[in-house]
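A quick write-up on the structure given underneath.
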Amino acid sequence: MAAPTTTSGPRRTRTLRTDRWWLPPLGTALGLSAFVVYGLVRTFMNTWYWVPEQHYLAPFFSPCLSEACVPGASHLGTPFPDLAPWVPPPVFVLPFVLGFRLTCYYYRKAYYRAFWLSPPACAVTEPHRRYTGESRLPLLLQNAHRYFFYAAVLVAAVLTYDTVLAFHGVNGGVGVGLGTLLMVVNVVLLWGYTLSCHSCRHLVGGRINHFSRHPVRYRLWTWVSRLNGRHMSLAWASLFSVALVDLYVMLVASGAFPDPRLIN
Ligand code: FES
């Protein structure tokens, strides 16, 4: 067994764990950092997000609500003006999508451990002297999660609509390409992540004293609870699929990669 690590001051054992407990927080830090860097680069790239022939819209730019959006990409109209070349269309929607992920119960645990080391892992001492939890600003704002959940449901509905439009044949009619299939998988994972949310579980099954008097809500609660047990996996899978579909649409839109068609 490895010798326990100690800190200065009163003699404290940092941890008695001998496994590689630092691997999960390290993986989380690398995964989330990679996504944030990709998302920032992609957002401010502000191009190659719409493929007119196949009607593919990159999820980072959906819904495209600004007059700056390229023609055809605004399925819901353009209520916002073209503010400036350095203000890309996603700035009107991204705060809600990011807010949903940032305030998610699972992600909170993950990034508190990975970036704030609070604590880095179970049974490992954290470096901070004081612990105030989420009882004061800015972490008090984490309580807004349920409101971000409502916004996330709307965004998932819009991405579902985008996916239906992606069943567009290059010569009109119905068509299916690799991009269509990737978009279908992406919305399934996004709905899985959104509906497995703890706020959703509370919404359908909370504040009830007798499940026997609410059979429909009880049924919904059991479904959401089953999904909720996979919330972590769905969080990562949907994060990966959003980035993958976005990258795919970018490559097709830029002409770097032709979309293989199953049905033209
Ligand atoms: Fe993770 Fe709501 S708890 S999305």
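The values are calculated or read from the model by the stated rules, or taken from the named source; none is laboratory data. Given the structure is predicted, the values throughout are model-derived calculations rather than measurements. Using ideal geometry, Cβ is built from the backbone for each residue, glycine included, and neighbour counts are taken over all protein chains shown. When the accessible area is computed, the model is the full protein with side chains, heavy atoms only, and any ligands, DNA or RNA have been set aside. Shrake-Rupley method; radii C 1.70, N 1.55, O 1.52, S 1.80 Å.
For the chain, the Cβ-based charge dipole about the Cα centre amounts to some 1760 debye (Lys, Arg positive; Asp, Glu negative; other atoms uncharged). Remark: the range 142-264 carries 54 Å² of accessible area per residue (probe radius 1.4 Å; ligands, DNA and RNA excluded). Placing a label point 7 Å from the Cα of Leu83 along the Cα-to-Cβ line, the residues of the range 38-56 whose backbone N sits under 14 Å from it are 44. Scanning the chain for cysteines with no neighbouring cysteine C-beta under 4.7 angstrom from their C-beta gives Cys104, Cys122. Label sites at Arg17 and Ser212, each approximated as a point 7 angstrom past Cα along Cα to Cβ, lie 4.4 nm apart.
Counting alpha carbon pairs within less than 8 Å and at least 6 residues apart, what relative contact order, in whole percent, applies to the chain? Contact order relative to length: 23 percent.
A simple spin-label model places pseudo-atoms 7 Å from Cα toward Cβ; at Ala29 and Val188 they are separated by 3.5 nm. If you plug the beta carbon distance of Ala157 and Phe92 into 1/(1 + (r/R0)^6) with R0 = 22 Å, you get a FRET efficiency near 0.85. The distance from the alpha carbon centre of the range 169-216 to that of the range 115-151 is 27 Å, rounded to a whole number.
Considering only Leu189, Val204, His128, and ranking their Cα positions along the charge dipole of the range 100-233 that arises from unit charges at the beta-carbon of Lys, Arg, Asp and Glu, the one farthest toward the positive end is His128.
How long is the gain from Leu247 to Leu137 if the chain were fully straight, where each residue apart is worth 0.36 nm and the alpha carbon distance is subtracted?
So the chain would gain 36.0 nm between Leu247 and Leu137.
Would you mind getting me the FRET efficiency between Phe44 and Arg129? Use the beta-carbon distance for r and R0 = 41 Å, nearest 0.05.
Calculated value: 0.60.
Residue separation of Val174 and Arg226 scaled by 0.36 nm, minus their Cα-Cα distance, works out to 15.2 nm of gained length. Local charge for Leu32 was computed over the other residues whose Cβ lies under 15 Å away, with Lys and Arg +1 and Asp and Glu -1, and equals +4.
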